[in-house]
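Comments concern the structure below.
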Amino acid sequence: MALLEVRNLSIALKRQKYFTAVNGIDITINAGEIIALAGESGSGKSLSALSIARLLPPSAKITGGQIQYHTAGGGLVDLCSLNEKSLCQIRGKEISMIFQEPRQSLNPLMRIGAQIAETLELHRNAGTARMDKKMADEAAVDMLRKLKFPQPEKILNAWPHQLSGGMCQRVMIAIAAICRPRLLVADEPITALDTANQSHILSLLKDINTEFGTAILFISHDLSVVRNFCSRIMVMYAGTIIEEGPAQTILSAPVHPYTIGLVGAIPRRENRGRPLANIPGKAPSLEESLPGCLFAPRCPKARLLKQEKRCAAGPPPWTDIGNTVKKWHGHRVRCFFAGVDNG
């Protein structure tokens, strides 16, 4: 049974008037699973992530679809229809978020320990088992220790400005994981970190997934960082998911021309000294209304096959690659020419 099912979700952004930024996407997350939602900046990844926790900015609104969540109590709820009071019983406790800018997310006027314990006190004290400050502080220290902080008791009394960027991001993970959520939505949590800290954060998230059984939706613009981290990858372009499948399949045998371009742009040791590959052109703006494949104006396959008109005529349907290649089970793509060789 799926933990979370996003069905035909659409989100609009206001630019004088509302324009569709996320267009009818589907996402399924199973209990304990780690999946990645990848794509270039502006593709709608973060809006999709924020919509799950109902944390969209005032300029954005959900215009269609459902976000169905199976609660810890066994009930099925549509997060889109919950009022704020009901949502607060789930958000932070069962569904948590990690944001990409920890210094902007942490309160500069509160000590680290108080910020970690606050979430725990809020949700534990809402139930029958009361939790006092001492118990919350002990739980916060234990979580910091799990996240490999040296001298966690000292960190408890530190201010955010006294910590490095990597340490602040680990604090954000502690806040998100303190209630042992069933789903963790990580919105580009390693973007602002150096390579060493990136690896460390990924390792900590993997530990949380293993120890608590927490499912993770990991948002990233960089396919290389999720290579050995997630089980499935969904590739998003201009507000639409255009390819999805097992991580190793997507990275070793991508089918959509856009995904092929993303994978080809990953730096590799054997290509050292050569120019990095790129995808010519740019993604359509919110104001542009394209009736066909949104990638068609940039697509090398459409030009090679001289099929620009067909691609521009209407959106391509899903093609299940797993129907023809057994080892690619669960791999599907939105492309008219998914089975056509480039050469």
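Can you give me the number of residues within the range 1-47 that are over 24 Å from residue 91 (Cα atoms), part of a loop (DSSP other than H, G, I, E, B) and touching a residue at least 40 places away in the same chain (Cβ under 8 Å)?
5
For residue 256, are the conditions met, namely being under 25 Å from the mean Cα position of the chain (by Cα) and either modelled with pLDDT of 90 or more or surrounded by 17 or more Cβ atoms within 10 Å (Cβ to Cβ) (or both)?
Judged against the criteria, residue 256 is a match.
Tell me, yes or no, whether the range 275-285 has at least one residue that is at pLDDT below 90, part of a helix (DSSP H, G or I) and either surrounded by fewer than 21 Cβ atoms within 10 Å (Cβ to Cβ) or outside the structural domain of residue 217 (by TED's automatic domain parsing) (or both).
No, the conditions are met nowhere in the range 275-285.
Can you tell me which of 184, 251, 204 is farther than 30 Å from residue 286 by Cβ and not in a loop (DSSP other than H, G, I, E, B)? Reasoning before the result, please.
Values: 184 fails: farther than 30 Å from residue 286 by Cβ; 251 fails: farther than 30 Å from residue 286 by Cβ.
It is 204.
Mind listing just one residue for me: the one in the range 175-203 that is closer than 16 Å to residue 228 by Cβ and not hydrophobic (A, V, I, L, M, F, W, C) and, of those, surrounded by the fewest Cβ atoms within 10 Å (Cβ to Cβ)?
195
Go through the range 219-234 and report how many residues are in contact with a Phe, Trp or Tyr (Cβ under 7 Å, 6 or more places away or on another chain) and either under 17 Å from residue 3 (Cβ atoms) or part of a strand (DSSP E or B) (or both).
Counting residues in the range 219-234 that are in contact with a Phe, Trp or Tyr (Cβ under 7 Å, 6 or more places away or on another chain) and either under 17 Å from residue 3 (Cβ atoms) or part of a strand (DSSP E or B) (or both) gives 1.
Take the residues in the range 214-229 that are at pLDDT below 95 and not aliphatic (A, V, I, L, M); name whichever of them is surrounded by the most Cβ atoms within 10 Å (Cβ to Cβ). Can you show your working first?
The first filter runs over the range 214-229 and keeps only residues at pLDDT below 95, leaving 220-229.
Applying the additional criterion that residues be not aliphatic (A, V, I, L, M) yields 220-222, 224, 227-229.
On the way: 220: 23, 221: 16, 222: 17, 224: 14, 227: 16, 228: 11, 229: 18.
This residue is 220.
I'm trying to understand the selection: among the residues of the range 143-160, which are in contact with a helix residue (DSSP H, G or I) (Cβ under 8 Å, 6 or more places away or on another chain) and part of a helix (DSSP H, G or I)?
If the condition is that a residue be in contact with a helix residue (DSSP H, G or I) (Cβ under 8 Å, 6 or more places away or on another chain) and part of a helix (DSSP H, G or I), then 143, 144, 145, 146, 152, 153, 155, 156, 160 are the ones that fit.
Which numbered condition in (1) outside the structural domain of residue 5 (by TED's automatic domain parsing); (2) crowded, with 21+ Cβ neighbours inside 10 Å; (3) at pLDDT 90 or above; (4) of a type outside the set (Ser, Thr, Tyr) is the only one that residue 146 fails?
Residue 146 satisfies all of (1) outside the structural domain of residue 5 (by TED's automatic domain parsing); (2) crowded, with 21+ Cβ neighbours inside 10 Å; (3) at pLDDT 90 or above; (4) of a type outside the set (Ser, Thr, Tyr) except (2).
Write out, first by first residue and then by second, each pair whose Cβ atoms fall under 8 Å of each other, whose residues are 6+ apart or on separate chains, and whose first residue, in the range 294-319, is among the hydroxyl-bearing types (Ser, Thr, Tyr) while the second is at pLDDT 85 or above and not in a loop (DSSP other than H, G, I, E, B).
From residues that are among the hydroxyl-bearing types (Ser, Thr, Tyr), the pairs are 319/332; 319/333; 319/334.
The values are calculated or read from the model by the stated rules, or taken from the named source; none is laboratory data. The model shown is predicted, which means the values in this text are computed figures rather than measured ones. Every residue, glycine among them, receives a Cβ derived from its backbone with ideal geometry; neighbour counts consider all protein chains shown.
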